[in-house]
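For reference, the structure discussed in these notes is given below.
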Amino acid sequence: MPVTPPVSATQTSGTATTFTRPRLFTPGPVEIPARILRALSQIPPHHRTDVFREVYKRVSEDLRWLHQTQGEVLMLAASGSGAMEASVVNLMAPGKKALCLVGGKFGERWGSICKAYAIPFETIEVPWGHAIPVAEVEKKLDADPAVSTVFGTHSETSTATLHDAQGLARATRARKRVLVLDAITSLGVHALPQDEWGVDVVVTGSQKGLMSPPGIATVSLAPWALEAIEGERGPRFYWDLRKARKNLPMGESAFTPAVSLVYAVGEALAMMKEEGLASVHARHRRLGAAVRAGAQAIGWTLFSKSPADSVTALEPPSGVDASAVVKRLRETHGITVAGGQDHTKGKMLRIGHMGAYDLSDIYVVLGALE
Ligand SMILES: *Cc1c(COP(=O)(O)O)cnc(C)c1O
């Protein structure tokens, strides 16, 4: 696998090591394939040129392909959270309530954003590692007509849990509410055909399933949801998606785009088109199954009741400190995985396997873990 932060960055000086390239098995940022590194190394053209406008248009078209939408995919210069914030400020009209679905750290973030903007919100919370029951969402929507928009997570990275995007979309469509899904670690991993399933808005970031460095966030609006960003809103300026929509047909963005990253994401999309979307999903399915089976065979326990194929969350065998394993993998094997967040700190290890990973990569991380 082609990665590579500088080797010297992780080697302990004066100590012999048994690895020559550090490996990332983190749930974002992920390893960047050589093809994408090459795309990044091009001298960036100025963004107000025909050369770049063509690239910008092609990448946004290819993003529509990835989302399987006839709507529009807007690119923002931001990490994934920027797209989350943009969707909140553009969709929430004064006097309306949000419903935030919380089963982990990233679900919680929806509530934090609403709070920052003084937008009233309700939450449905499930214990970490569980998926949100669609029936509870239906009940809440039926009981509270002030809720206009539901904010959820497709793959919850802090718990490695996949939520029922299709079921949630069925519930919100039937009740004429807007559904916004954070697909930052599911897009390019799990199927999420936006138009077919009826998901109004999908947000992502470049450093996870899109295999690129952090810095581009996207908001995908289904064709019927394009008008949902219009109307009276609270303050919006940098995140005003009306500006992004207005500029897109010209192949331009409202503000200076992350030019080099547009090339990177373009190359990532070219790789996915070559492999085929169904094959990309099938590969992640197999790798996810391999990590889960292998880790359980050596005594680790799956944390999630509904495991995603982007990242695997594992609890250690009794008597083993997960933080010490994270440290040992990094220092002895040159392998970076993630620990747990919040109350799972020290009690969990998370292995990322989204992007260009293949089965031989999985042997590497499982072998080291054993
Ligand atoms: C990484 C991630 C985010 C966004 O994080 P940024 O650091 O802002 O890119 C949001 N949601 C999920 C599920 C994520 O995995």
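The table that follows gives values for the structure above.
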read-out	value
Relative contact order (%) - criterion: Cα under 8 Å, at least six apart; region: the range 129-236	20
By average C-beta atoms within 10 angstrom, highest first, the peptides 148-158, 225-235	148-158, 225-235
Carbon plus sulfur fraction of accessible area for the range 195-331, probe 1.4 Å, in percent	55
DSSP H segments from the chain that extend 18 Å or more along their own axis, Cα-based, with Kyte-Doolittle mean of 0.5 or above	259-275
Burial ranking of peptide ranges 94-105, 269-280 (average Cβ count within 10 Å, highest at the top)	94-105, 269-280
Counting DSSP beta bridges with both ends in the chain, the antiparallel % (nearest 5)	55
Three-way shape call for the chain based on the alpha-carbon gyration tensor, with the a/c threshold at 1.5	oblate
Environment charge at Gly71 (Cβ cut-off 13 Å; Lys +1, Arg +1, Asp -1, Glu -1)	-4
Dipole magnitude of the chain, debye to nearest 20 (Cβ charges: Lys/Arg +1, Asp/Glu -1, about Cα centre)	320
DSSP bridge pairs, the range 119-256: antiparallel proportion in percent, nearest 5	45
Cα-centre dipole for the range 238-292 with unit charges at Cβ (Lys and Arg positive, Asp and Glu negative), debye to 20	320
Positive minus negative residues near Asp62 (Lys, Arg vs Asp, Glu; Cβ under 11 Å)	+2
Signed unit charges on C-beta, dipole axis of the chain, positive-most listed residue Val102, Leu63, Val30	Val30
Relative contact order, percent, the chain [alpha-carbon distance under 8 Å, six or more residues apart]	25
Between the range 97-138 and the range 279-334, the alpha-carbon center distance in angstrom	26
Low-density loop cleavage sites - trypsin sites (Lys or Arg not before Pro) in the range 39-88, where at most 12 other Cβ are within 10 Å (DSSP)	Arg48
Total charge dipole magnitude, the range 28-132, about the Cα centre, Cβ charges on Lys, Arg, Asp, Glu only, Debye to nearest 20	160
Nonlocal amide H pairs with Val311, under 5 Å, H built at 1.01 Å	His353
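The values are calculated or read from the model by the stated rules, or taken from the named source; none is laboratory data. It should be emphasised that the depicted structure is a prediction, and the values quoted were computed from it without experimental measurement. Note that we place each Cβ from the backbone using ideal geometry, even for glycine, and neighbour counts take in every protein chain shown. Ligands, DNA and RNA are excluded from the accessible area calculation, which covers all protein heavy atoms including side chains. Shrake-Rupley method; radii C 1.70, N 1.55, O 1.52, S 1.80 Å.
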